[in-house]
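The values are calculated or read from the model by the stated rules, or taken from the named source; none is laboratory data. This one's a predicted model, so the numbers in the text were calculated from it and none came from an experiment. Neighbour counts run over all protein chains shown; Cβ positions are idealised from the backbone, glycine included. Please note that ligands, DNA and RNA were not included when accessible areas were found on the heavy atoms of the full protein model with its side chains. Shrake-Rupley method; radii C 1.70, N 1.55, O 1.52, S 1.80 Å.
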Amino acid sequence: MKKYSPMVTLFAVAVLAAVLFAVNSNSNSANRDVTASAPTSAARTPTDAPSPTASPAAPTTTALAAAVQEAAYAGRSSGNEVTVAIAVKDGRAVGYVCDGAQVEAWLEGTLVGDQLSLESGDGGTTIAGTTDEAASLGTVSVAGRQWPFSAEAVQAPAGLYEGRADVRGVANRIGWIVLADGSQTGVWFDGVEKQPAPPLATNDLDGVVIDGVAVRVDEIGGDDTVVLR
């Protein structure tokens with residue numbers, strides 16, 4: 001058997017180590033390439049999906065509160081053709097229009113915000129206007145004729161009054177408008193014809209008598225029913 005010198009042995013060992021190092025380096029490089037080229041499996045958040053939107057809130061309807069909760073107004077049309085009285089309460093309105101002789105009408109309606117709208121039972125008389133704490137201003141229409149009117153806010157005994165009585169089986173009805181200065185205008189309907197109302201003593205509402213019959217008299221407020229149906 002041949003014997004090698006120590007130098008030859010060391011040279012052989014060095015060559016073998018270099019070969020092993022080269023093989024190992026190539027293997028690690030291949031592993032890195034495979035790892036770098038492999039696709040990642042991390043979850044991605046889609047960006048093109050539509051985002052959920054909240055359902056629109058249902059529309060709300062808010063009633064417009066009346067500018068004046070409760071008040072009474074009395075006044076006249078611009079040319080003194082008719083006298084006008086209006087009473088309002090909690091968004092409801094009633095009124096009376098008369099000329100103190102033959103023309104008269106009872107009305108009902110509403111007050112929405114500051115907008116006033118009233119109409120008689122037959123639709124022939126209307127009031128449209130505005131109100132505030134001091135006055136009501138607008139237009140009154142009677143049988144196709146129109147006039148501007150102004151009515152100031154009043155306190156009792158000024159205001160609107162209604163009287164009723166059965167006289168010989170016939171329903172009689174009287175309306176009075178009492179202005180702030182104490183003057184009054186009214187019409188009495190006896191079931192057949194209309195005529196000027198008898199005087200009303202506001203300090204004695206039980207004192208009105210027609211044809212020997214006592215008349216029941218009431219002060220009218222905005223929540224009263226005055227239109228006969």
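Restricting to the range 60-96, and then to whatever is modelled with pLDDT of 95 or more, part of a loop (DSSP other than H, G, I, E, B) and more than 19 Å from Val187 (Cβ to Cβ), can you tell me which residue is least open to solvent (accessible area, probe 1.4 Å)?
So, considering only residues that are modelled with pLDDT of 95 or more, part of a loop (DSSP other than H, G, I, E, B) and more than 19 Å from Val187 (Cβ to Cβ), the one least open to solvent (accessible area, probe 1.4 Å) is Val68.
Which of the numbered conditions does Gly182 fail, given that it passes all the others? Conditions: (1) part of a strand (DSSP E or B); (2) in contact (Cβ under 8 Å) with a residue 24 or more places away in the chain; (3) more than 15 Å from Ala87 (Cβ to Cβ).
Only one criterion is unmet by Gly182, namely (1).
Is there any pair linking a residue in the range 92-121 that is within 19 Å of Asn80 (Cα to Cα) to one that is open to solvent by 10 Å² or more (accessible area, probe 1.4 Å) and of a type in the set (D, E, K, R), with Cβ under 6 Å and at least six apart or on different chains, and which?
The qualifying pairs are Cys98/Glu104; Gln102/Lys194.
Which residues, counting only those in the range 181-204, are under 22 Å from Ala153 (Cβ atoms) and surrounded by 15 or more Cβ atoms within 10 Å (Cβ to Cβ)?
Across the range 181-204, the qualifying residues are Gln184, Thr185, Gly186, Leu200, Thr202.
Does the range 217-228 contain any residue that is open to solvent by 20 Å² or more (accessible area, probe 1.4 Å) and over 32 Å from the mean Cα position of the chain (by Cα)?
no
State all residues of the range 101-132 that are within 22 Å of Gly182 (Cβ to Cβ) and among the charged types (D, E, K, R); if no residue qualifies, say none.
Answer for the range 101-132, where residues must be within 22 Å of Gly182 (Cβ to Cβ) and among the charged types (D, E, K, R): just Glu104.
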